[in-house]
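Undergrad: For reference, the structure I am asking about is given below.
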Amino acid sequence: MMSHDQDDGELSLETDKLLQDISEESDVVGRHTDIDKSGTRSWIYDDVLDYIGLGKYHWILLLVMGWTNCGDAVEVLCVSFLLPSAECELRLTSQDKGWLNASIFLGMMIGGYVWAVFADMNGRRKTLISSLVFNAVFGALSSFARSFEMLLVLRFLSGIGVGGNIPIAWAYFVEFQPRQKRGRMLSLMAGFWMIGNVLVALLAWAIIPHTDMGHFNAYTYSSWRVFILVCTVPPITSAVLLIFLPESPKWLLENGKEEQCLAILAKMYAVNHGTEQGFNVAHVQRSQAISDISHDTSKMRHIRSMGRSVLKCRELFTPALARRTIIYTWVNIALAFGYYGLWMWFPELFKRLEESGRDDVSVCTSTLAGLNSSGEPDFGDCSEVGGSDELYINSLLVAASSLPGNVIAFAFMDTLGRRWLLAGSMVTCSLLVFFIWFIKNKLQNLILSCLFSAVSIMAWNSIDVLGTELFPTGVRATAFGFSLAFARVGAIMGNVVFGQLIDVNCTIPILLVVGFLSVGGLSGLLFPDTIGIFLE
């Protein structure tokens, strides 16, 4: 009979050998595993994702979630393209246009937070499907609006759906990504926003210049209405595609559904490697870096009342998260004010430059084009709507010019880092906006607009990646939705300010854009470095 010392020695050798085998299997630096009392391997969630690796499953997921992001861009930007043609039929003033541009952001401000809380409570996938359908239904109904007021309300309701799509889609997507590839995969997903920009410009060019698409008694279903209806195709098809995808395994794990989580992880491994053989993860646990706030959240995870949303909001302002919540929210406001304050007005500015009939005017001096002696819009008889091809070609070029920015963001997101890309791009954007005063013709205006598009997309990519990494799983979608809700305030302010002042003195809104972008960009340097961190 062997002595107890011999038993302990052999057990120690077997344990050491088991740990060595685990280490040799791992091709990821810094993997953490534990052995419980029965000898079962216990993996940290992020290490399982690293073990699975990047593969076919992730590319399929990228296509579906990228298409969702593309659809969000189409829904947000479609109003700016329909305004030049809808203004005559609905008798829109510049102030009306400002409020129409702002209406979707007002809806997104409310929907972003409410849907995000539901996603943290009830799951990412089914909540995202619900918000996409909500968005598509009210987007389609808005194409039948007979008045400015009706269009305003329906675009607001559509915005409530879009507000849920964005934070949930990002929270869902990031929870499938291995740590070392996370930044680049998120950058690729962000690149689909550019595709949405290009798609909405192409659709506008293909549809809107055709004056009337259908007559129903005294009602004319104009081409801009058809354009709105077609723009609802991406969200509804995204909802259908999501039916075939699983719930976030990270969310399932955080909600005590480890078996379901493991089943999805095993499926990911099988798709990426062609077989489930070799996937020997029997137990998975949350990251050791998870803060106490996430632990506190788990104690209440089955509460299903709206009061939970207040509690989750309070969690964002606990000592562990308050600083990053405040900074992240402020930078979102600054970026949204600067970006959307200009971007939503680009088609209108191009139209006014075109109507001026001159090649020696600046953006500010052309803003009086199309006004009568009383300073009101001159609608005429509305016999010609939609604008020329040049208007839509210019908008298409501006949208497509964000491609270089996406490439740069993809290349440097995991090397230079999120915060430096964010700060550099926002400050550069502020300088570009400042040079608007020196623009003297349509070509120069087009070039400056394209540069603004290329640089600003890097800021959006960076802030989106940071939003998924700065907060723990229990409040990730809520934090994203909360910050984006306030970003919508910035977007609303930017559009309303432009609408109120564009016919009076456009110098003031331009100076405000410069200030918000520069100060917001420098504030981004206060963020921690999140390259390769454990996803809490």
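The values are calculated or read from the model by the stated rules, or taken from the named source; none is laboratory data. From a predicted model like this one, the values you see are computed outputs, not experimental measurements. Every residue, glycine among them, receives a Cβ derived from its backbone with ideal geometry; neighbour counts consider all protein chains shown. We work out accessible area using only protein heavy atoms, side chains counted, and drop any ligands, DNA or RNA first. Shrake-Rupley method; radii C 1.70, N 1.55, O 1.52, S 1.80 Å.
Undergrad: Please work out if LEU416 is part of a loop (DSSP other than H, G, I, E, B), open to solvent by 10 Å² or more (accessible area, probe 1.4 Å) and of a type outside the set (Asp, Glu).
TA: Details: part of a loop (DSSP other than H, G, I, E, B): yes; open to solvent by 10 Å² or more (accessible area, probe 1.4 Å): yes; of a type outside the set (Asp, Glu): yes.
Yes: the conditions hold for LEU416.
Undergrad: For ARG125, state whether it is more than 30 Å from ASP46 (Cβ to Cβ) and surrounded by fewer than 24 Cβ atoms within 10 Å (Cβ to Cβ).
TA: On the way: more than 30 Å from ASP46 (Cβ to Cβ): no; surrounded by fewer than 24 Cβ atoms within 10 Å (Cβ to Cβ): yes.
No, not satisfied.
Undergrad: Based on what the data block shows, is ILE236 surrounded by fewer than 18 Cβ atoms within 10 Å (Cβ to Cβ), part of a helix (DSSP H, G or I) and either touching a strand residue (DSSP E or B) at 6+ places or on another chain (Cβ under 9 Å) or in contact (Cβ under 8 Å) with a residue 12 or more places away in the chain (or both)? Outline the logic, then answer.
TA: Details: surrounded by fewer than 18 Cβ atoms within 10 Å (Cβ to Cβ): yes; part of a helix (DSSP H, G or I): yes; either touching a strand residue (DSSP E or B) at 6+ places or on another chain (Cβ under 9 Å) or in contact (Cβ under 8 Å) with a residue 12 or more places away in the chain (or both): yes.
Yes: the conditions hold for ILE236.
Undergrad: Can you tell me which residue in region 293-344 is modelled with the lowest pLDDT, limited to those that are among the basic types (Lys, Arg) and in a helix (DSSP H, G or I)? So that I can check it myself, show each step before the final result.
TA: Our first condition is that a residue be among the basic types (Lys, Arg); within region 293-344, this holds for 299, 301, 304, 308, 312, 314, 323-324.
With the extra rule that they be in a helix (DSSP H, G or I), the set shrinks to 308, 312, 314, 323-324.
Numbers: ARG308: 54, LYS312: 64, ARG314: 78, ARG323: 89, ARG324: 86.
Applying the filter and picking the extreme gives ARG308.
Undergrad: In this structure, does VAL519 turn out to be in contact (Cβ under 8 Å) with a residue 24 or more places away in the chain and on the phi < 0 side of the Ramachandran plot?
TA: On the way: in contact (Cβ under 8 Å) with a residue 24 or more places away in the chain: yes; on the phi < 0 side of the Ramachandran plot: yes.
When the stated conditions are applied, VAL519 passes them.
Undergrad: Can you tell me how many residues in region 78-104 are open to solvent by 20 Å² or more (accessible area, probe 1.4 Å), outside any loop (DSSP other than H, G, I, E, B) and within 9 Å of GLY499 (Cα to Cα)?
TA: 3
Undergrad: Scanning region 245-272 for residues that are polar (S, T, N, Q) and outside any loop (DSSP other than H, G, I, E, B), which turns out most open to solvent (accessible area, probe 1.4 Å)?
TA: Narrowing region 245-272 to residues polar (S, T, N, Q): 248, 255, 260, 272.
Narrowing the set further to residues that are outside any loop (DSSP other than H, G, I, E, B) leaves 260, 272.
On the way: GLN260: 100, ASN272: 35 Å².
Per the stated criteria, the residue is GLN260.
Undergrad: Among the residues in region 175-183, are any among the charged types (D, E, K, R) and closer than 25 Å to ARG488 by Cβ? Walk me through it before giving the result.
TA: The initial filter retains those residues of region 175-183 that are among the charged types (D, E, K, R), namely 175, 179, 181-182.
Going one step further and asking which of them are closer than 25 Å to ARG488 by Cβ, we end up with 175.
There is at least one residue in region 175-183 that is among the charged types (D, E, K, R) and closer than 25 Å to ARG488 by Cβ.
Undergrad: Report, by residue number, each residue of region 105-119 that is open to solvent by less than 10 Å² (accessible area, probe 1.4 Å) and more than 13 Å from ALA491 (Cβ to Cβ). Can you show your working first?
TA: Taking region 105-119 as the starting set, the residues that turn out to be open to solvent by less than 10 Å² (accessible area, probe 1.4 Å) are 105, 107-108, 111-112, 116-117, 119.
Passing the criteria: GLY111, ALA116, VAL117, ALA119.
Undergrad: Somewhere in region 32-44, is a residue small (Gly, Ala, Ser), at pLDDT 50 or above, open to solvent by 10 Å² or more (accessible area, probe 1.4 Å) and closer than 26 Å to ILE264 by Cβ? Spell out how you get there, then give the answer.
TA: We begin by selecting, within region 32-44, every residue small (Gly, Ala, Ser); these are 38-39, 42.
Now restrict to residues that are at pLDDT 50 or above: 42.
Okay, now just the ones that are also open to solvent by 10 Å² or more (accessible area, probe 1.4 Å), so none.
Checked region 32-44: no residue is small (Gly, Ala, Ser), at pLDDT 50 or above, open to solvent by 10 Å² or more (accessible area, probe 1.4 Å) and closer than 26 Å to ILE264 by Cβ.
Undergrad: Could you check how many residues of region 203-225 are in a helix (DSSP H, G or I), open to solvent by 10 Å² or more (accessible area, probe 1.4 Å) and modelled with pLDDT under 90?
TA: Total satisfying the criteria: 3.
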